[in-house]
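The values are calculated or read from the model by the stated rules, or taken from the named source; none is laboratory data. Since the structure is predicted, the reported quantities are computational estimates derived from the model, not experimental observations. When we count neighbours, we look across all protein chains shown, and the Cβ atoms used for this are built from the backbone with ideal geometry, even at glycine. Heads up: the accessible areas ignore ligands, DNA and RNA and are worked out on the full protein's heavy atoms, side chains in. Shrake-Rupley method; radii C 1.70, N 1.55, O 1.52, S 1.80 Å.
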Amino acid sequence: MKNCLNNVRIKEPLVHCITNFVTVNDCANVVLACGGSPTMAHNEKETAEITSGCSSLVLNMGTVDNLDAMINAGKKSNELSHPIVLDPVAVGASSFRKNAFDELQKNMHFSVIRGNASEIKFIATGVGSVSGVDAAKEDRISEKSAPYFADMAKKLAEKLDCVISISGEIDIVASKDKAYLIKNGCAIMSRITGTGCMLTSMIGAFCGANPENILDATAAAVITMGVSGDLAYEKTLKCNGGTMTFKMHMIDQISLMDEETLKERGRYEEF
């Protein structure tokens, strides 16, 4: 997976992010930090044209205010065989969001869907609890529940022909044949607005630089984020900092990440 990280730095993929206004700046900064280059065009009159010059497309449903822009960009990305990464934020929270997801799925093929456990569970089963944009407590991914979620992710990956990434205390990245259980990251990450959105955008950069290996590229992005969170937490404790100090250190650590650190600090296993 270290090669996936190196390829981002070497290729500097241009990532088209149609994301939500709450986290747009953070998403742009994290793409820059890992080695990519972001563009955040949101107008439906230009998204297809803009995305044609990019390496990958990230679609974030946090504030679904222009579905046509996403569809235009998605169709063009599929036409050009560019990876598409979808973040189905709070997909089960309203019929509007469910319908938006269905419309996106009808009009394009995704390379990766990344969400929390409740979002992915809703897509897989059509039912599930919601807690705003966060996973419900009963969907906590623990050592005990991880096999259930890994198996669900593999089945959904086969059904939708894409990689499924589930964020939680244990992160899961799965294709139909293999799942990674990733055990980096810390609880304070859930207290920062947009860490999920930032991860989705970073997955877009990793997939844009490694389009021939979407599974490992996605896993490498998740591990990079988790290891950066671990290192940021250590630095935050040393300076008696709080959540904003942690956020600064996390983005710093993403920008400083190298293959030796990734290999030494990454904790994952295959399922």
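Just so you know, in the stretch 133-151 the residues that are touching a Ser or Thr at 6+ places or on another chain (Cβ under 8 Å) and open to solvent by 20 Å² or more (accessible area, probe 1.4 Å) include one that is modelled with the highest pLDDT, and it is 138.
Listed by first and then second residue, the pairs with beta-carbon distance under 6 Å, at least 6 apart or on different chains, first residue in the stretch 259-271 and under 23 Å from residue 168 (Cβ atoms) and in contact (Cβ under 8 Å) with a residue 60 or more places away in the chain, second assigned to a helix (DSSP H, G or I) and open to solvent by 70 Å² or more (accessible area, probe 1.4 Å), are 262/2. Pairs are defined by a Cβ separation below 7 Å, a sequence spacing of at least 6 or placement on different chains, a first member in the stretch 177-196 that is closer than 24 Å to residue 23 by Cα, and a second member that is part of a loop (DSSP other than H, G, I, E, B) and not charged (D, E, K, R); the pairs so defined are 184/266; 193/22; 193/23; 194/22; 194/23. Residue 112 meets the conditions (1) surrounded by fewer than 19 Cβ atoms within 10 Å (Cβ to Cβ); (2) within 25 Å of residue 9 (Cα to Cα) in every case but one. The failed one is (1). Selection within the stretch 194-211: residues that are surrounded by fewer than 24 Cβ atoms within 10 Å (Cβ to Cβ) and within 15 Å of residue 225 (Cβ to Cβ). The member of this set that is modelled with the lowest pLDDT is 194.
Could you say which residue among 93, 69 is in contact with a His (Cβ under 6 Å, 6 or more places away or on another chain), free of Cβ contacts under 8 Å to residues at least 60 places away in the same chain and farther than 22 Å from residue 1 by Cβ?
When all the criteria are applied, what remains is 69.
The set of residues from the stretch 19-40 being free of Cβ contacts under 8 Å to residues at least 60 places away in the same chain and within 17 Å of residue 86 (Cβ to Cβ) comprises 24, 40.
Matching residues to (1) of a type in the set (Ser, Thr, Tyr); (2) modelled with pLDDT of 95 or more:
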| position | (1), (2) |
| --- | --- |
| 12 | no, yes |
| 27 | no, yes |
| 39 | yes, yes |
| 46 | no, yes |
| 58 | no, yes |
| 65 | no, no |
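State yes or no: is residue 242 on the phi > 0 side of the Ramachandran plot and open to solvent by 20 Å² or more (accessible area, probe 1.4 Å)? No: the conditions fail for residue 242.
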